[in-house]
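Every number here is computed from the coordinates shown, using simple stated rules; none is lab data. Just so it is clear, the structure is predicted and the values come from calculations on it, not from any experiment. Note that we place each Cβ from the backbone using ideal geometry, even for glycine, and neighbour counts take in every protein chain shown.
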Amino acid sequence: MVASRLAKRLLHYDLQTYGQYYQLLNNGQHPHEFQLMVNILTTNETYFFREPKHFSFLQDRIIKNWRGDNFRLWSAASSTGEESYSIGMLLAEGLGMRKWEIFGSDVNTEVLETARKGVYLMDRLDNMEPRYLDKYCLKGVRSQEGYFRVDEKVRNRVNFEQLNLKTPLPRSLGQFDVIFLRNVLIYFDTETKQEIVNRVVEALKPGGYFFISHSETLHSIKTDLSMVMSSIYQKPCK
Ligand SMILES: C[S@@+](CC[C@H](N)C(=O)[O-])C[C@H]1O[C@@H](n2cnc3c(N)ncnc32)[C@H](O)[C@@H]1O
C-alpha cells in the first residue's frame with residue numbers, strides 16, 4: 001500500500017527507488033514534500049452519521065441531559081469533516097442557541113481544507129435524515145448541482161486545525177465534554193495506541209465521554225475509563 005501510494009511521487013521527481021525518495025525528503029530542498037507524503041499515506045474514509053448508534057447515544061444520553069454552560073466536543077481524527085458536521089447538526093438541534101463548539105483535527109492538511117469548506121457530494125448522504133438536510137444543508141444549483149454546503153448555523157461553530165495525535169497536544173486545546181476518536185487507533189501498534197489514548201483522555205473533562213469505533217477495542221490499553229456500552233467510555237467524575 002505504501003509503495004503503490006508513493007509511486008506517483010517517484011514518478012513526479014523521476015526517481016528510480018524509494019531510497020532516493022527518502023533522501024529527497026531529508027535533503028531540505030523540498031520542504032513541502034513531507035506533508036504531501038503524509039497526506040498521501042493517510043486513509044481518510046468517512047461519511048455522515050457513520051455508526052448511527054453513537055449519534056443516538058450522543059443525542060439521547062448526553063445532549064438531552066446537558067446542563068453545563070459551554071458544551072465542547074473534539075473530533076480527534078476528523079478527516080474531511082463529515083463526523084464533525086453530523087455532530088454539529090445534533091447539537092444545533094438539541095442545544096440551539098446555547099453555547100457549544102466543535103473542534104475537528106487531523107494530521108492531513110488536504111482533508112482539513114475540504115472540511116473547512118463544508119461542501120459535499122449529494123450522493124454521500126445515505127445515513128442523513130432528510131430533515132437535517134432540509135434544515136442544515138444548502139443544496140447547490142447550476143454549477144454546484146449535485147453538491148450541498150453545510151449551513152453556517154453549524155459551520156460557524158466548528159473549527160478545524162492540524163494536529164498530530166502522536167505529538168504532545170497544545171495547551172490551548174483545553175478540555176472537552178466529549179471526544180470522538182473513531183477509526184484511527186486501528187492504524188497504530190499497541191504502544192502508540194496507549195500513548196495516544198493517554199494524551200487524548202487527558203483532554204477529557206471528569207465525567208466526559210470518549211467514543212471509539214465499533215471496530216476498535218481498548219482491550220490492551222490501560223485507562224481509568226469505564227465502559228458505558230460497547231465503544232463508548234466515560235471518565236470518572238472527580
Ligand atoms: C479513517 S479516517 C476516520 C474519520 C472519522 N473519525 C470517522 O470515523 O469516520 C482516519 C483519519 O485519521 C487521520 N490520522 C491518521 N493518523 C493521524 C495522526 N497521527 N494524528 C491525527 N490524525 C491522524 C487520517 O488522516 C484520517 O483522516
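Descending by average beta-carbon neighbour count within 10 Å, the peptides 161-174, 37-50 line up as 37-50, 161-174, the highest first. Projecting label points 7 angstrom from Cα along Cα→Cβ for ARG142 and ILE40 puts them 3.8 nm apart.
Give the shape of region 2-41 as rounded, prolate or oblate, defined through the alpha-carbon gyration tensor: a ≥ b ≥ c are the square roots of its eigenvalues, a/c under 1.5 means rounded, and otherwise the shape is prolate if a/b is larger than b/c and oblate if not. Oblate, since a/c reaches 1.5 and b/c is not below a/b.
With the highest mean first, a sort of the peptides 98-111, 56-69, 210-223 on other beta-carbon atoms found within 10 angstrom per residue produces 98-111, 210-223, 56-69.
Between SER56 and ARG98, the C-beta separation translates, for a Förster distance of 22 Å, into a calculated FRET efficiency of about 0.60. Total lysine pairs in the chain at Cα distances under 15 Å, for residues eight or more apart or on different chains: 11.
Here the residues SER4, SER79, ranked from fewest to most Cβ neighbours within 10 Å of their Cβ, fall in the order SER4, SER79. From its DSSP helices (H runs of at least four residues, each -39,500 (n - 2.57)), the chain gives a residue-normalised ellipticity at 222 nm of -10000 deg cm²/dmol. Between the beta carbons of MET1 and GLN234, assuming R0 = 41 Å, the FRET efficiency works out to 0.70 to the nearest 0.05. Placing a label point 7 Å from the Cα of ASN164 along the Cα-to-Cβ direction, the residues of region 40-78 whose backbone N falls under 14 Å from that point are 40-42.
What's the extension gain from ARG199 to GLU152 if we count 0.36 nm per residue and subtract their Cα-Cα distance?
Fully extending the segment from ARG199 to GLU152 adds 13.8 nm.
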